[in-house]
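Each value in this text was obtained by applying a stated rule to the coordinates, not by laboratory testing. All figures in this text were calculated on a predicted structure; none of them were measured in a lab. Every residue, glycine among them, receives a Cβ derived from its backbone with ideal geometry; neighbour counts consider all protein chains shown.
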Amino acid sequence: MSAHHGADRAQRGDIVMSSTAENVTTLVDEERQIRVDLAAAHRLADRMSWTDGIYNHFTHTVPGHSDRFLVKPHGLLMSEITASNLIVVDMDGQTVSGEGYVETSALHIHAAIHVDLASAACVLHVHPPYTTWLTCLEDNRLQMTHQASLRFFNRIAYDDEYGGLAMARDEGHRMAAQLGNHSVMLHANHGVTTVGASVAEAFADLYDIEKACRQYYLGVASGQKQTTIADNLAEHTARDFEQERAEYVRLSFAAWKRKLDREEPDYAS
């Protein structure tokens, strides 16, 4: 082999090694950012009184490892979550990194949704007061009586079959099938799940659905007859919301994180 060819091969090897190292660095950086965002979502949920003690869970798949996801270790409150104490588990619930283990129902709900729905990189499942109130009604459909509701016109999946505690994977797969191509699902007598390609997307849906349900609750609680917005106007407004969605998601989550940076900076540690 000539010295020239040897040099070419060595150079190609250097390029491959450099490319591999860059890919690894990129994945590490991506996971770090997801950890920070997911920790922020936990802290914000606690601030907004959406939490249920040590239960309810927010998860995100690990970049480069679609068979693993980040989740809070069982036993911690959402107010205690930081970027570094989130654990990584596989779809069988085995802890891959970090200290602690995943709670059983969280494993079966979140693993099934991550596996079954490619669009669900992030899955947020909670029992916030106003959305959960609506899920407990005989007529559990969100009515189009306020602008906040219009964002969800014909855009909510309703799971009308309460299946008990999700102590087996079949229940998680059933939930995933009900969710389908929607990003928001209301579970009868239970709570709400939102999914998205990012923490910011799923969190925006969670914030918006709870706000919409709160406005609807206040109208019902007034005892007064409410006016319903016409379907054609509701659909038109929903599409307007969608046109502004990407910017809203990006800017609003960044704003929430700035608030945490000022008041609870340890979330990112």
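Observations
- As a length-normalised measure over Cα pairs under 8 Å and 6 or more apart, the relative contact order of the stretch 30-268 settles at 22 percent.
- Between residue 177 and residue 137, the distance separating the two model label sites (each 7 Å from Cα on the Cα→Cβ line) works out to 2.9 nm.
- Counting only alpha carbon atoms, the long axis of helix 104-116 and the longest principal axis of the chain meet at about 70°.
- Segment residue 158-residue 245, extension gain: residue separation times 0.36 nm, minus the distance between their alpha carbons: 29.1 nm
- Degrees, to the nearest 10: 169-179 long Cα axis against longest axis of the chain: 70
- For the residues 179, 233, 206, a GNM of the chain with alpha-carbon springs under 10 Å puts the largest fluctuation on 233.
- DSSP-defined beta bridges in the stretch 30-268 - what % are antiparallel, rounded to 5: 90
- Computed log₁₀ I(q)/I(0) - Debye formula, equal Cα scatterers, no solvent, the chain, q 0.13, 0.16, 0.17 Å⁻¹: -0.85, -1.23, -1.36
- Exposure proxy shown here: for 46, 266, the number of other Cβ atoms within 10 Å sets the order, fewest to most, as 266, 46.
- Compared with the dominant Cα axis of the chain, that is its longest principal axis, helix 199-221 is turned about 10°.
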